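Since the structure comes first, as structure tokens, the remarks are kept for the end.
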Amino acid sequence: MAYVKWIFWALVVLVVGGFLHYTLPRHETLRLVESEVRRVELAGTNGLFWGSAEPADATTGSRDVKFISAVDEGSKPLVLRNEDTGWGWPPYFKFNSSDLQARAADLISNTSNPQWVSVEYYGWRSQLFSIYPNALKLTAVDSPNVRVIPWLNIIILTVLVVLVLVIRALIKRFWRNRVDPVVARVAEGFDDAEDAVGDAQTRFRGKRQKFREWWVETFG
């Protein structure tokens, strides 16, 4: 039973951790190398990882998607999509994908004269499933070693931890004040019933013994 409990909580942590890792924003310092618009097929299992704010072609199930290609200081590539989130999830309320694409085109540079950019984005990159993170903000910086403190993530995670602790305390208080007394009364009722059955059995055995003694005395 303990294994089932640990497996359950491990799955909960895995799901919640994966959800937060995908949804919360991250920052990387990159050099932009290309901005383009490509026609993308949205049908398939990866449709969940594309923005829903922009309508797709009703006949083909595809649409034009803006992409930003970049590399880090070690020339490791990262390709990001640039889609509006609109009023949907995640709640970044992004409506400026066209302006962001123009900003990306303006910040493109080469290796001889690099312009480093702090890229804020959310999501995962998976070549196997054709999943791309979504760019949120581009900020020109002077060095590839710029460090960004994720204040938003710190605030959100702190609030979540506080909420979990508060909910846990409320559940424990409810259980102690409401559930435990009921369980105690039920257990006490079972104990009383067991005692009553034991007393009845004792009385029955006593009467049976008296009947045997009377029978022996009367009929030998």
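The values are calculated or read from the model by the stated rules, or taken from the named source; none is laboratory data. What you see is a predicted model; the values in this text were computed from it and never measured. No Cβ is skipped: glycine too gets one built from the backbone with ideal geometry, and neighbour counts run over all protein chains shown.
The residues on offer are LEU170, LEU165, LEU160, and the sole one that is touching a helix residue (DSSP H, G or I) at 6+ places or on another chain (Cβ under 9 Å), at pLDDT 70 or above and either surrounded by 10 or more Cβ atoms within 10 Å (Cβ to Cβ) or closer than 30 Å to LEU24 by Cβ (or both) is LEU160. In the set ILE154, ILE108, only one residue is over 20 Å from GLY74 (Cα atoms) and of a type in the set (Val, Ile, Thr); that residue is ILE154.
Residues in segment 65-76 that are more than 16 Å from ALA102 (Cα to Cα) and either buried (at least 17 other Cβ atoms within 10 Å of the Cβ) or in contact (Cβ under 8 Å) with a residue 12 or more places away in the chain (or both): VAL71, ASP72, GLU73.
Do you know which residues across segment 144-157 are under 18 Å from the mean Cα position of the chain (by Cα) and surrounded by 13 or more Cβ atoms within 10 Å (Cβ to Cβ)? Within segment 144-157, ASN153, ILE156, LEU157 qualify.
This table checks each residue for (1) in contact (Cβ under 8 Å) with a residue 40 or more places away in the chain; (2) under 29 Å from SER109 (Cα atoms); (3) in a helix (DSSP H, G or I).
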| position | (1), (2), (3) |
| --- | --- |
| TYR121 | yes, yes, no |
| TRP124 | yes, yes, no |
| LYS137 | no, yes, no |
| ALA140 | no, yes, no |
| ASN145 | yes, yes, no |
| ILE149 | no, yes, no |
| ILE154 | no, no, yes |
| THR158 | no, no, yes |
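May I ask you to list the residues in segment 126-135 that are part of a loop (DSSP other than H, G, I, E, B) and surrounded by 15 or more Cβ atoms within 10 Å (Cβ to Cβ)? Across segment 126-135, the qualifying residues are TYR132, PRO133. Scanning segment 81-88 for residues that are aromatic (Phe, Trp, Tyr), touching a residue at least 12 places away in the same chain (Cβ under 8 Å) and surrounded by 15 or more Cβ atoms within 10 Å (Cβ to Cβ) turns up nothing.
Considering only segment 95-107, I want to know if a residue exists there that is modelled with pLDDT of 90 or more, within 28 Å of the chain's Cα centre (by Cα) and surrounded by fewer than 16 Cβ atoms within 10 Å (Cβ to Cβ). Yes, segment 95-107 has at least one match. Of the residues that make up segment 174-181, is at least one out of contact with any Gly (no Cβ under 8 Å at 6 or more places or on another chain), surrounded by 10 or more Cβ atoms within 10 Å (Cβ to Cβ), at pLDDT below 65 and not small (Gly, Ala, Ser)? No, segment 174-181 contains no residue that is out of contact with any Gly (no Cβ under 8 Å at 6 or more places or on another chain), surrounded by 10 or more Cβ atoms within 10 Å (Cβ to Cβ), at pLDDT below 65 and not small (Gly, Ala, Ser). Being closer than 19 Å to GLU83 by Cα, out of contact with any Gly (no Cβ under 8 Å at 6 or more places or on another chain), in a helix (DSSP H, G or I) and modelled with pLDDT under 90 is the filter here; which residues of segment 1-54 pass it? Answer for segment 1-54, where residues must be closer than 19 Å to GLU83 by Cα, out of contact with any Gly (no Cβ under 8 Å at 6 or more places or on another chain), in a helix (DSSP H, G or I) and modelled with pLDDT under 90: THR45, ASN46, GLY47, LEU48. Considered as a group, the residues in segment 108-119 that are in a loop (DSSP other than H, G, I, E, B) and among the small types (Gly, Ala, Ser) include one that is surrounded by the fewest Cβ atoms within 10 Å (Cβ to Cβ), and that residue is SER112.
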